[in-house]
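S.K.: Take this structure first; my questions come after.
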Amino acid sequence: MQQEWKSFLTQAGAVFDGEKVLHFRYPQDEWVAVDSATFITDLSHFGLIAISGEDASDFLQNLLTNDVKEVNSQRSQLTGLCNPKGRLLAIFRLFQWNANFYLSLPHSLLEAVLKRLNMYVLRAQVSLADVSDHFCRFGLVGSQASDELKRYLGKAPMTANEVQQAPDCCILRVPGEPSRFEVVGGMNTLQKFWGELTKTVTPVGANFWELTTIRAGVATIYPETQASFIPQQVNLELREGVSFTKGCYPGQEVIARMHYRGKPSRRMFLAHISTDQQPQPGDPVYLANDEARQARGEIVAAQLAPEGGYDSLVVLQLSHLQKGDMMWNGGNGAKLTLRKLPYLLEY
């Protein structure tokens, strides 16, 4: 995070835990905004990798799960990086801006993923760089988010994955309801943008952005869950994050075989967990009263919900869904109550 940007947010009332904004001056107001209004939040806890060079498009096309040829100045995409066994090492938001490609991902994964990508460069005319501190980023969420962008810029991306280029900033619409936008740009531009938006929009902590990502049914891979899931197990293809026609990439045979010849034995669900302790990525989920104490699922992500408890994405074994309640934190722990995902999940 740029120190000048951090100082700017601190002056605006931000309270930090490391590089992540916990909350602003009035935390109690943030819950109201998240539940019924439009809010803005800093996204500096995400890392950003720039890919440049004449072979950049082909380089990414040979590595990622989605069709990079569909990415341009007007369209971004979700995509994944897998190991040869088809298991996800990261899920990215891929976009193109000012002739470069960019991969956005949790900062906790950046170093390992950048090292992995560099293994594939070989003789390709491509350069990879951590540019997390070169740009500022924030998220805008809510029923009035589109109108707020139009008020400031004159227009806004209308559909998921649509991109709008503006002077010194890039606006990405990402999946989810209410409307969700990511804004990336230079510090001076985003300081002015933030200042204008916060005249009518409530600033909130970063966890609220992650809560809306969970509710949008979009998985995030963290260090604890690297190489744990095949893309279909976290519904990545249902969020347009997998192409089954693009050709080869690491793990493609495993992923294609599951698509054409079989079905996943595990799928990701949205669940509410009634607990006052935060479930962590990678935590096991058990079947209630299962004497064998064998894990039947795994937490993908969880965030505190406005009504209490935690909203969570969790991968569950389909064969055990009808055998009783699923529990986090032990067979007699907190019960998972499944909620409806914002897309059709067939199993």
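S.K.: List the residue pairs whose Cβ atoms are under 6 Å apart, where the first residue sits in the stretch 17-30 and is open to solvent by 50 Å² or more (accessible area, probe 1.4 Å), the second is modelled with pLDDT under 85 and not polar (S, T, N, Q), and the two are 6 or more positions apart or on different chains.
M.R.: Every condition considered, the pairs that remain are Glu19/Met1.
S.K.: Looking for whichever is surrounded by fewer than 22 Cβ atoms within 10 Å (Cβ to Cβ) and not hydrophobic (A, V, I, L, M, F, W, C) here; the options are Asn83, Asn66. Which one fits? Talk me through it step by step, then tell me what you get.
M.R.: Working: Asn66 fails: surrounded by fewer than 22 Cβ atoms within 10 Å (Cβ to Cβ).
Step by step, each of Asn83, Asn66 is checked, and only Asn83 is surrounded by fewer than 22 Cβ atoms within 10 Å (Cβ to Cβ) and not hydrophobic (A, V, I, L, M, F, W, C).
S.K.: Among the residues of the stretch 57-83, how many are within 12 Å of Phe101 (Cβ to Cβ) and either of a type in the set (A, V, I, L, M) or touching a Pro at 6+ places or on another chain (Cβ under 8 Å) (or both)?
M.R.: Adding up the residues that qualify gives 5.
Let's see how each residue does on (1) out of contact with any Leu (no Cβ under 8 Å at 6 or more places or on another chain); (2) over 29 Å from Leu94 (Cβ atoms); (3) of a type in the set (Gly, Ala, Ser):
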| position | (1), (2), (3) |
| --- | --- |
| Lys263 | yes, no, no |
| Arg267 | no, no, no |
| Gly297 | no, no, yes |
| Val300 | no, no, no |
| Asp325 | no, yes, no |
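S.K.: For residues that are without any contact (Cβ under 8 Å) to a residue 12 or more places away in the chain and among the aliphatic types (A, V, I, L, M), scanning just the stretch 274-303, find the one that is surrounded by the fewest Cβ atoms within 10 Å (Cβ to Cβ).
M.R.: Looking at residues that are without any contact (Cβ under 8 Å) to a residue 12 or more places away in the chain and among the aliphatic types (A, V, I, L, M), I get Ala292.
S.K.: Could you tell me whether Ala301 is among the aliphatic types (A, V, I, L, M) and at pLDDT below 95? Full working, then the answer.
M.R.: Numbers: among the aliphatic types (A, V, I, L, M): yes; at pLDDT below 95: no.
It is false that Ala301 is among the aliphatic types (A, V, I, L, M) and at pLDDT below 95.
S.K.: Give me a count of the residues in the stretch 40-56 that are in a strand (DSSP E or B) and either out of contact with any His (no Cβ under 9 Å at 6 or more places or on another chain) or within 12 Å of Phe101 (Cα to Cα) (or both).
M.R.: 8
S.K.: With the structure loaded, tell me whether Ser143 is open to solvent by 10 Å² or more (accessible area, probe 1.4 Å) and outside any helix (DSSP H, G or I) or whether it fails that test.
M.R.: Numbers: open to solvent by 10 Å² or more (accessible area, probe 1.4 Å): yes; outside any helix (DSSP H, G or I): yes.
Judged against the criteria, Ser143 is a match.
S.K.: Looking only at the stretch 161-174, which residues are surrounded by fewer than 19 Cβ atoms within 10 Å (Cβ to Cβ) and either modelled with pLDDT of 95 or more or acidic (Asp, Glu) (or both)? Before the answer, list the steps.
M.R.: Just the residues of the stretch 161-174 that are surrounded by fewer than 19 Cβ atoms within 10 Å (Cβ to Cβ), to begin with: 162, 165-168.
The answer is Glu162, Asp168.
S.K.: Sort through Gln252, Gln232, Gln191 and tell me the only one that's open to solvent by less than 30 Å² (accessible area, probe 1.4 Å), at pLDDT 95 or above and out of contact with any strand residue (DSSP E or B) (no Cβ under 7 Å at 6 or more places or on another chain).
M.R.: Working: Gln252 fails: open to solvent by less than 30 Å² (accessible area, probe 1.4 Å); Gln191 fails: open to solvent by less than 30 Å² (accessible area, probe 1.4 Å).
That would be Gln232, the only listed residue that is open to solvent by less than 30 Å² (accessible area, probe 1.4 Å), at pLDDT 95 or above and out of contact with any strand residue (DSSP E or B) (no Cβ under 7 Å at 6 or more places or on another chain).
S.K.: Which condition number does Ala50 fail, the rest of (1) in contact with a helix residue (DSSP H, G or I) (Cβ under 9 Å, 6 or more places away or on another chain); (2) over 19 Å from Arg239 (Cβ atoms); (3) buried (at least 18 other Cβ atoms within 10 Å of the Cβ); (4) among the small types (Gly, Ala, Ser) being met?
M.R.: Condition (1) is where Ala50 drops out.
The values are calculated or read from the model by the stated rules, or taken from the named source; none is laboratory data. This is a predicted model, so every value here is computed, not measured. Neighbour counts run over all protein chains shown; Cβ positions are idealised from the backbone, glycine included. Quick note on the areas: whole protein, heavy atoms, side chains included, nothing else; ligands and nucleic acids left out. Shrake-Rupley method; radii C 1.70, N 1.55, O 1.52, S 1.80 Å.
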